[in-house]
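What follows is a set of notes on a single structure, which appears directly below.
The values are calculated or read from the model by the stated rules, or taken from the named source; none is laboratory data. None of the values given here were measured: they were computed from a predicted structure. Here the Cβ is made from the backbone with ideal geometry for all residues, glycine too, and neighbour counts use every protein chain on show.
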Amino acid sequence: MIFRARRPFQITQNVVDSIAATVGSFPAERGGILGGYPRTGVVTHFHFDLSSRQTGATYSPNAQHLTELLQKHWNPRGIRLLGFVHSHPPSFRQLSTGDKVYAERILAVNDEMKELYLPLVMSAADSGCFELLPFGVTRSGERKVTVEAMKLMVTASVSNGVFERVSEAYDLEWLKRCRVIAVGAGGANQWLNSLARTGVGEIVVVDPDKVELKNIGTQHVYLSDVGQYKVQVVASRLRDINAEARVWPIPASLEEIDDETFARLAMAPWDQIEDREWRLHAAEDRSGPRRTLLCGLTDNFEAQARVNRLALQFGIPSLSAQVYREGRAAEITFTMPGVTPACQRCALRNRYEHFLQRGFKNNVTSNGTPIWSTDRLNALKGEIAMAILHHGTGHSRYGHLLDRIGNRNLIQVRMDPDLAETLGLTVFDRTFAGADRTRLLTDEAVWLPQEPDRPENNYPRCPDCGGTGDLRRAIGRFQDTRVMPLKWEAEA
Ligand SMILES: [Zn+2]
Ligand SMILES: [Zn+2]
């Protein structure tokens, strides 16, 4: 006897519950549409087709309504049609000829679709007990299809398996409700992938660029990505890692996002991000993200500077990173209101002065940067992101790390033993002056304490944070964060 294992039909418990509560509780011949990310094939989305026509013997989806759902709501988020679920009368546990003809038609007009799921429901209203019988329909030759019974595999949550080995490494429940907004998806591409592997539940990615051939040498992109928006490439990988992550790709530059839109991106509950009626005070309802971390991951100075202002304006933490010339060193700056006394502008005072006084243009590109430099920076950036996101959670590893980092919110990494000569950066030599040099060479980080810019520290007040030592006092102080202020306006 030849035993052929049935292929699994993977569906999340949430979707099964929704089907049971709708299709499964009406008499037969009701139905709905199934969706998910095409790379995984796991059914993660369901929409009950309320307006379908029931004749008692057949189920006919409302095509116009479903097309609209796909085009307006699912496709922009990367969710694709995976199949249809409908109910049959209790005695009829197979697909009908009509069902097969319907499947043939769907497969004929969707070339990229390899298989259509057509699970059947035995409704509790008919038989007293809800049952789901999965079938898959594939093409077999010209205008023919093959129907195969599949093995039902309900994943309590796909993530239970995905995150099995890191269930102690992070506070998964907490991270699921955290949001990260990444400005820049180039060198940070791999970092974002790793972030998805920690289970961060909501990720917004902003970048106007498309993948070019020259990016392949310095970023984790592939030949097959060339020509696509970087944010789309990242989004599809993130969903391929965590099918339940909510990912919002924005192929635009930060400049194109005004403060009101940013407020929604940062605080609104996920399903209200696009809702122009949502207002900041609505954040008090606490159904938005538990914590939002804004990341400046570009080599554009103006964008990095806006990140600092946005984080101050909305009282959220920020994390920025930059590779120095030829990847010989790198820098991370971050802020956490209530923890770090200095903002990123205080920490990067010289760079701002160059920019304002001499029309400084950042010409550091990734030219000559070994991929390892980017990867090295990304790893440390991840640790700091975990410290910021877990702060106050009591997690044994990351819950108190930020307290220990404290005011050291400028971190530099040495990736060239001759940094003092090549870039003129001597902080490592100074830091390790009394250390055993025979045991040191390269690949170290220095964690540099930062004081807020104010007269007591021999600097004019920081125009962004005011140098008060409490970043929360800068909340709501900007008219428009798109404008770089030149001086701090004393409170009236
Ligand atoms: Zn049917
Ligand atoms: Zn400042």
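In the range 329-354, which residue that is near ligand 2 (Cβ under 10 Å from one of its atoms) and of a type in the set (Lys, Arg) is nearest to LEU402 (Cα to Cα)?
That would be ARG345.
Any residue in the range 450-472 that is aliphatic (A, V, I, L, M), under 34 Å from the mean Cα position of the chain (by Cα) and farther than 19 Å from PRO337 by Cα?
Scanning the range 450-472, I find no residue that is aliphatic (A, V, I, L, M), under 34 Å from the mean Cα position of the chain (by Cα) and farther than 19 Å from PRO337 by Cα, so the answer is no.
In the range 446-479, what count of residues is obtained for those that are away from ligand 2 (no atom under 13 Å from the Cβ) and touching a helix residue (DSSP H, G or I) at 6+ places or on another chain (Cβ under 6 Å)?
So the answer is 1.
Spot the failing condition for VAL234; the list is (1) surrounded by fewer than 20 Cβ atoms within 10 Å (Cβ to Cβ); (2) modelled with pLDDT of 90 or more, and only one is missed.
Failed condition: (1).
Could you tell me which residue of the range 268-299 is farthest from PHE314 (Cα to Cα), considering only residues that are of a type in the set (A, V, I, L, M, F, W, C) and modelled with pLDDT under 85?
TRP278
Report, by residue number, each residue of the range 309-324 that is over 20 Å from the mean Cα position of the chain (by Cα) and over 20 Å from TRP191 (Cα atoms).
ARG309, LEU312, GLN313, GLY315
Is there any pair with a first residue in the range 69-97 that is of a type in the set (A, V, I, L, M, F, W, C) and within 16 Å of ligand 1 (Cβ to nearest atom) and a second that is outside any strand (DSSP E or B) and at pLDDT below 90 whose Cβ atoms are under 7 Å apart and which are 6 or more apart or on different chains, and what are they?
Filtered contacts from the range 69-97: PHE84/PRO61.
Residues of the range 403-431 being hydrophobic (A, V, I, L, M, F, W, C) and touching a strand residue (DSSP E or B) at 6+ places or on another chain (Cβ under 9 Å), which ones?
ILE405, LEU410, ILE411, VAL413, MET415, LEU419, LEU423, LEU425, VAL427, PHE428
May I ask you to verify whether THR365 is over 22 Å from THR333 (Cβ atoms), in contact (Cβ under 8 Å) with a residue 12 or more places away in the chain and within 25 Å of the chain's Cα centre (by Cα)?
No: the conditions fail for THR365.
Looking only at the range 95-114, count every residue that is closer than 14 Å to GLY136 by Cβ and surrounded by fewer than 12 Cβ atoms within 10 Å (Cβ to Cβ) and tell me the total.
0
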